[in-house]
Amino acid sequence: MTDTTPATDAQKAYILKLANCQHISDVVGITRVRLSGWNAAHGDFTRSEASAIIEDLLEQQGKNAHEYVAVEYRKWVDNKYASNGRTPSTARYFVSGDAYSSDIRDVLRKAGSLAEVLYRGRDEERAERVMRSHQGGYELAGAHGHERLLKHLAPQEDIDLLSDVTPAHLRAAVKRKSARTGYVFDALRRWRRCTSLRNTSRPDTLAVIGALASSLTRTTTGPEAQRLVDQALETVQVSA
């Protein structure tokens with residue numbers, strides 16, 4: 001049965017000890033327990049949530065297998081006008097690595113509720129790929145840029161990373177005006193200059209994006225843009 005009464009001081013003290021944190025709100029970035037509501041995210045746990053957090057932290061400490069994470073986070077910056085003297089940074093940062101390393105735990109502890117774990121699992125390469133893809137989306141289209149670009153370039157939701165976009169996705173996308181104008185148009189033109197995506201995208205995708213970047217204009221029609229994709233793919237196949 002779920003106990004919705006407030007967590008006890010003893011529970012909170014034990015959580016701080018296990019998480020090696022000074023403030024209960026910092027635990028949010030370390031635990032894998034999903035917390036509901038604004039209050040929980042700022043340390044006002046219920047007894048049931050506190051119990052789940054304790055179990056999770058004990059499990060994390062007892063694991064022998066490596067677990068890797070990809071994290072997007074903001075930093076707390078000093079602001080004398082804020083009620084608590086700090087406000088979230090506008091800039092976003094990205095990191096991946098061993099979930100139990102001191103560096104990652106330090107990032108999660110300091111960021112607290114400003115951290116979002118994008119991936120957690122035992123695939124180190126996947127963790128880095130997720131991090132790079134989201135970082136690229138941010139560099140090209142700002143906050144939530146990864147999700148916004150993916151919505152335009154792969155609306156069928158068969159992929160969840162920009163770095164997994166294929167020529168087929170691009171061919172379908174450029175038929176729509178929304179992918180040939182605005183921030184999506186700008187992102188396609190700058191894609192190959194974005195190190196995070198250039199190093200993780202498919203070679204044929206990069207070839208198509210290169211063709212679009214050099215020839216696509218805001219007045220290019222859908223069929224014309226699709227022909228650019230087809231021509232780029234033909235060139236790739238001939239040179240292969």
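The values are calculated or read from the model by the stated rules, or taken from the named source; none is laboratory data. Here the structure is a predicted model, which is why all the values come from computation and not from measurement. Cβ sites come from the backbone with ideal geometry, for glycine too, and all protein chains shown count toward neighbours.
What tally of residues in segment 187-204 results from selecting those that are within 17 Å of residue 229 (Cα to Cα) and surrounded by fewer than 21 Cβ atoms within 10 Å (Cβ to Cβ)?
Residues meeting the conditions: 6.
Answer yes or no: is there a residue in segment 87-97 that is at pLDDT below 90 and more than 17 Å from the chain's Cα centre (by Cα). Write out each step before concluding.
Here is the first cut: in segment 87-97, the residues at pLDDT below 90 are none.
No, segment 87-97 contains no residue that is at pLDDT below 90 and more than 17 Å from the chain's Cα centre (by Cα).
Since residue 128 meets every condition but one in (1) closer than 17 Å to residue 191 by Cβ; (2) touching a Gly at 6+ places or on another chain (Cβ under 9 Å), which condition does it not meet?
(1)
A quick yes/no check of all residues on (1) at pLDDT below 80; (2) within 23 Å of the chain's Cα centre (by Cα):
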residue: 37; (1), (2): yes, yes
residue: 44; (1), (2): yes, no
residue: 54; (1), (2): no, no
residue: 69; (1), (2): no, yes
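Could you tell me which of the residues 162, 118, 170 is modelled with pLDDT of 95 or more, of a type in the set (A, V, I, L, M, F, W, C) and in the same structural domain as residue 89 (by TED's automatic domain parsing)? Break it down into steps so the answer makes sense when it comes.
Values: 162 fails: in the same structural domain as residue 89 (by TED's automatic domain parsing); 170 fails: in the same structural domain as residue 89 (by TED's automatic domain parsing).
The match here is 118.
Answer yes if at least one residue in segment 197-209 is part of a helix (DSSP H, G or I), under 18 Å from residue 154 (Cβ atoms) and over 26 Å from the mean Cα position of the chain (by Cα), and no otherwise.
Within segment 197-209 (the criterion being part of a helix (DSSP H, G or I), under 18 Å from residue 154 (Cβ atoms) and over 26 Å from the mean Cα position of the chain (by Cα)), the answer is no, since none of the residues qualifies.
If you go through segment 84-124 one residue at a time, how many are of a type in the set (S, T, N, Q) and part of a helix (DSSP H, G or I)? Steps first, please.
Kept after step one, since they are of a type in the set (S, T, N, Q), are these residues of segment 84-124: 84, 87, 89-90, 96, 101-102, 113.
Next, only the ones that are part of a helix (DSSP H, G or I) stay: 102, 113.
Residues that pass the stated criteria total 2.
Exactly one condition in (1) within 29 Å of residue 122 (Cβ to Cβ); (2) loosely packed, with under 15 Cβ neighbours inside 10 Å; (3) of a type in the set (Asp, Glu); (4) at pLDDT below 90 is false for residue 106; which is it?
(4)
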